[in-house]
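Visitor: Let me give you the structure first, and then I'll get to my questions.
The values are calculated or read from the model by the stated rules, or taken from the named source; none is laboratory data. Note that the structure is a prediction, hence the values are computed from the model and not measured. Because the Cβ atoms are built from the backbone with ideal geometry, glycine has one as well, and the counts that use them run over all protein chains shown. Calculation scope for accessible area: heavy atoms of the full protein, side chains included, ligands and nucleic acids excluded. Shrake-Rupley method; radii C 1.70, N 1.55, O 1.52, S 1.80 Å.
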Amino acid sequence: MIYEFNGYIPVVHESAFVHPQAAVTGNVIIGKNVYIGPGAAIRGDWGEIVIEDNCNVQENCTIHVFPGVTVLLKEMAHIGHGAIIHGATIGRNVLIGINAVVMDRVEVGDESIVGALSFVKADEKIPPRSLVVGNPHKIIKQVSDEMIGWKTKGTHVYMQLPADCHATLKPCEPLREVPADRKMQESNYKTWNESKG
């Protein structure tokens, strides 16, 4: 659902896909080929939220602002299931892992990876290409070319998803049994552990 708030109407590029079970409120700008999953809450009620082209905000994520602050997700930011971004700037081609929390005025540098369940406290500046894990967070090493290549490939999968959703997603009644000719889904993308050299 898209909601006007206090005179601000969200701006959503026509190529983006916002799931009907997501909530986008107020001063929010969503760019090209952005995917917003079901259960996501993007609340631009007290400040601006800008989600640049080719980003994805997956299921049950929360993006919110400290009053008067702009939240910025730069191009190809990849926000994993259940993550919370509160008043932060997420750099270009960054991966925020599942259920990670990134707090107010944090700046995550380009091509960084924040691991699942990590907590990045307020006012931190994460340098580009940092691998961040833990609660509280620690930078444990630099992101390798191989790691950022893997991340980028995963984001490209999500960049295709808005078009696929526009073309094929529709409400339906469930089947009562599995059809004999049901096709297997194929993937040319593997987990990091399967991919690393």
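Visitor: I'd like the full set of residues that are open to solvent by 10 Å² or more (accessible area, probe 1.4 Å) and modelled with pLDDT under 95, limited to the stretch 47-66.
Guide: Within the stretch 47-66, Phe66 is the sole residue that qualifies.
Visitor: Please tell me if Gly109 is of a type in the set (Gly, Ala, Ser), over 19 Å from Asn33 (Cα atoms) and touching a His at 6+ places or on another chain (Cβ under 8 Å).
Guide: Working: of a type in the set (Gly, Ala, Ser): yes; over 19 Å from Asn33 (Cα atoms): yes; touching a His at 6+ places or on another chain (Cβ under 8 Å): no.
Considered against the rule, which asks whether it is of a type in the set (Gly, Ala, Ser), over 19 Å from Asn33 (Cα atoms) and touching a His at 6+ places or on another chain (Cβ under 8 Å), Gly109 comes out as no.
Visitor: Find the residue count for the stretch 99-136, including only residues that are touching a strand residue (DSSP E or B) at 6+ places or on another chain (Cβ under 7 Å) and within 26 Å of Gly197 (Cβ to Cβ). Spell out the reasoning first.
Guide: Start the filter on the stretch 99-136 by keeping residues that are touching a strand residue (DSSP E or B) at 6+ places or on another chain (Cβ under 7 Å), which leaves 100-104, 106-109, 112-115, 118-120, 125-126, 129-133, 135-136.
Subsequent filtering for residues that are within 26 Å of Gly197 (Cβ to Cβ) retains 100, 108-109, 112-115, 118, 126, 129-133.
Adding up the residues that qualify gives 14.
Visitor: Quick one: what pairs do we get from the stretch 155-166, first residue of a type in the set (Val, Ile, Thr), second open to solvent by 50 Å² or more (accessible area, probe 1.4 Å), C-beta under 8 Å, 6+ apart or different chains?
Guide: If the second residue must be open to solvent by 50 Å² or more (accessible area, probe 1.4 Å), the pairs left are Val157/Tyr189.
Visitor: So in the stretch 79-101, with the set limited to residues that are open to solvent by less than 20 Å² (accessible area, probe 1.4 Å) and assigned to a strand (DSSP E or B), which one is nearest to Asn27 (Cα to Cα)?
Guide: Among those that are open to solvent by less than 20 Å² (accessible area, probe 1.4 Å) and assigned to a strand (DSSP E or B), it is Ile85.
Visitor: Take the residues in the stretch 171-197 that are part of a loop (DSSP other than H, G, I, E, B) and of a type in the set (A, V, I, L, M, F, W, C), then tell me which one is farthest from the chain's Cα centre (by Cα).
Guide: First, pick out the residues of the stretch 171-197 that are part of a loop (DSSP other than H, G, I, E, B): 171-191, 196-197.
Keeping just the survivors that are of a type in the set (A, V, I, L, M, F, W, C) gives 172, 175, 178, 180, 184.
Numbers: Cys172: 27, Leu175: 31, Val178: 32, Ala180: 36, Met184: 27 Å.
Of everything passing the filter in the stretch 171-197, Ala180 is farthest from the chain's Cα centre (by Cα).
Visitor: Can you pull out the residues in the stretch 102-111 that are among the aliphatic types (A, V, I, L, M) and in a strand (DSSP E or B)? Outline the logic, then answer.
Guide: At the first step, the residues of the stretch 102-111 found to be among the aliphatic types (A, V, I, L, M) are 102-103, 106, 108.
The answer is Val102, Val108.
Residues checked against (1) under 15 Å from Ala88 (Cα atoms); (2) open to solvent by 60 Å² or more (accessible area, probe 1.4 Å):
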site: Met1; (1), (2): no, yes
site: Glu4; (1), (2): no, yes
site: Val11; (1), (2): no, yes
site: His19; (1), (2): no, no
site: Gly31; (1), (2): no, no
site: Gly37; (1), (2): no, no
site: Gly68; (1), (2): yes, yes
site: Lys74; (1), (2): yes, yes
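Visitor: With the requirement that a residue be hydroxyl-bearing (Ser, Thr, Tyr) and either part of a strand (DSSP E or B) or open to solvent by 20 Å² or more (accessible area, probe 1.4 Å) (or both), what does the stretch 112-143 give you? If you could, list the steps in order and put the result at the bottom.
Guide: Of all residues in the stretch 112-143, those hydroxyl-bearing (Ser, Thr, Tyr) come to 112, 118, 130.
Within the stretch 112-143, Ser130 is the sole residue that qualifies.
Visitor: Could you list, in sequence order, the residues of the stretch 114-142 that are under 18 Å from Leu72 (Cβ atoms) and out of contact with any Ser or Thr (no Cβ under 7 Å at 6 or more places or on another chain)?
Guide: Passing the criteria: Val114, Val120, Ala122, Asp123, Glu124, Lys125, Pro127.
Visitor: Of everything in the stretch 16-38, what is within 17 Å of Leu73 (Cα to Cα) and in contact with a helix residue (DSSP H, G or I) (Cβ under 8 Å, 6 or more places away or on another chain)? Give them in sequence order.
Guide: Ala16, Phe17, Asn33, Val34, Tyr35
Visitor: Going through Trp192, Trp150 one at a time, which residue ends up being open to solvent by 50 Å² or more (accessible area, probe 1.4 Å), touching a Ser or Thr at 6+ places or on another chain (Cβ under 8 Å) and not acidic (Asp, Glu)? Walk me through it before giving the result.
Guide: Values: Trp192 fails: touching a Ser or Thr at 6+ places or on another chain (Cβ under 8 Å).
Of the residues listed, the single one that is open to solvent by 50 Å² or more (accessible area, probe 1.4 Å), touching a Ser or Thr at 6+ places or on another chain (Cβ under 8 Å) and not acidic (Asp, Glu) is Trp150.
Visitor: Ok, one more. Would you mind stating whether Ala41 is at pLDDT 95 or above, aliphatic (A, V, I, L, M) and surrounded by 17 or more Cβ atoms within 10 Å (Cβ to Cβ)? Spell out how you get there, then give the answer.
Guide: On the way: at pLDDT 95 or above: yes; aliphatic (A, V, I, L, M): yes; surrounded by 17 or more Cβ atoms within 10 Å (Cβ to Cβ): no.
For Ala41, the condition - at pLDDT 95 or above, aliphatic (A, V, I, L, M) and surrounded by 17 or more Cβ atoms within 10 Å (Cβ to Cβ) - is not met.
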